[in-house]
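Notes follow the structure.
Please treat every number below as a calculation from the coordinates, not as lab data. What you see is a predicted model, and the numbers here were worked out from it, not measured in a lab. Note: ideal-geometry Cβ built from the backbone for every residue, glycine included; neighbour counts use all protein chains shown.
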Amino acid sequence: MQRIQVSRHQPKIGLAVSTVLLIGCGIACAQAPVAAATLTPPPNTNTWITTAAAGLTLTRGNSENFLATLSLDAKRKWAKDEVFLGVSGGYGDSTVNNVNSKNTEFVQGFGQYNHLFSDRFYGGVRLDGQYDGIAGVDYRAKITPMVGYYLVKNEKMTLSAEAGPSAVLEHLQGESARSYMAVRFAENFEYKLTATTKLWETLAYIPEISDWANNYLLNLEVGIDTAITKQLSLRVVFQDMYASQPAAGRKSNDLRLLAGVAYKF
């Protein structure tokens, strides 16, 4: 995927989250008749659906810039089980007046398993991992057992909420490694705008149990994918990763706007 813009200023988190929620609520209300009439979940394919996406930027002249991003996502659904996997990474540097500086270096991934106890209620476990050399995160890992519920589940739209205790292990540059207990609250939204275009949004809030007001993580992702062919599509993704206690000398917020080409296996 191509990283169009990186910003490291303090955001108005409340406004961004409120906007996303309002958009989601508006779509949900507009589709309420469909949701009420179509309660049957999509059929189980019992096959893996895997999507790889990539972007590359290269400039030469008064400045030299290089940026490459890659991501791989996979999911599979059975009658009573669901598996979601994802990994992404990026590297970039720039040279101006013969001075080279690295401006992008990250790897992150997750895995989640859900077991459905009913058509909508489920329990599961999730594992997240992150490295970000620019943000000063040597590693941050989270393991979270959880329960969740599909508030909306039909062929056009899904909306789920989930929560559970989370064990966080992290090492920030310039600090000692530490671990703490937190709680993860998350919601996941996906909507098929047309037969070839889908929109998704995820939001996770992870406060430390013993210091919830001062130490928390807030991760937001909003994306849109439009198919060009049966397997090839164009994709734009916005990511906002906020840490209330960042590494020394770093800002709390990292924004990414990624655009690229995706291929579905």
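Taking the number of other C-beta atoms within 10 Å as the exposure measure, put Ser244, Ser88 in order starting with the fewest.
Details: Ser244 16, Ser88 19.
Lowest to highest Cβ neighbour count: Ser244, Ser88.
Ranked highest first by the average count of other Cβ atoms within 10 Å around their residues, in what order do 233-241, 121-129 fall?
Numbers: 233-241: 19.1, 121-129: 17.2.
With the highest mean Cβ count within 10 Å placed first, the list reads 233-241, 121-129.
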Compute the length gained on full extension between Ala167 and Leu151: take 0.36 nm times their separation in residues and subtract their Cα-Cα distance, giving the result in nm to one decimal. 3.1 nm
For Ile134, distant residues with modelled amide H under 5 Å away: Glu105
Say each of Tyr180 and Thr196 gets a label point 7 Å from the Cα, pointing the same way as Cα to Cβ; how far apart are those two points in nm? 4.8 nm
What is the Å³ per residue value for the convex hull set by the Cα atoms of the range 90-197? 129 Å³
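Which of Asp254, Asp211 has the fewest other C-beta atoms within 10 Å, and how do the rest follow up to the most?
Numbers: Asp254 21, Asp211 13.
Ranking Asp254, Asp211 by Cβ neighbours within 10 Å, fewest first, gives Asp211, Asp254.
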If you average 1/r over every pair of different alpha-carbon atoms in the range 151-265 and take one over that average, what Kirkwood value in Å do you get? 16.3 Å
Tabulate in residue order the Karplus-calculated ³J(HN,Hα) for the range 65-73, using 6.51 cos²θ - 1.76 cosθ + 1.60 with θ = phi - 60°, rounded to whole Hz; enter x for Gly and Pro. 10, 9, 8, 9, 10, 9, 8, 9, 10
Relative exposure of Glu162, Glu187, judged by other C-beta atoms within 10 Å (fewest first): Glu187, Glu162
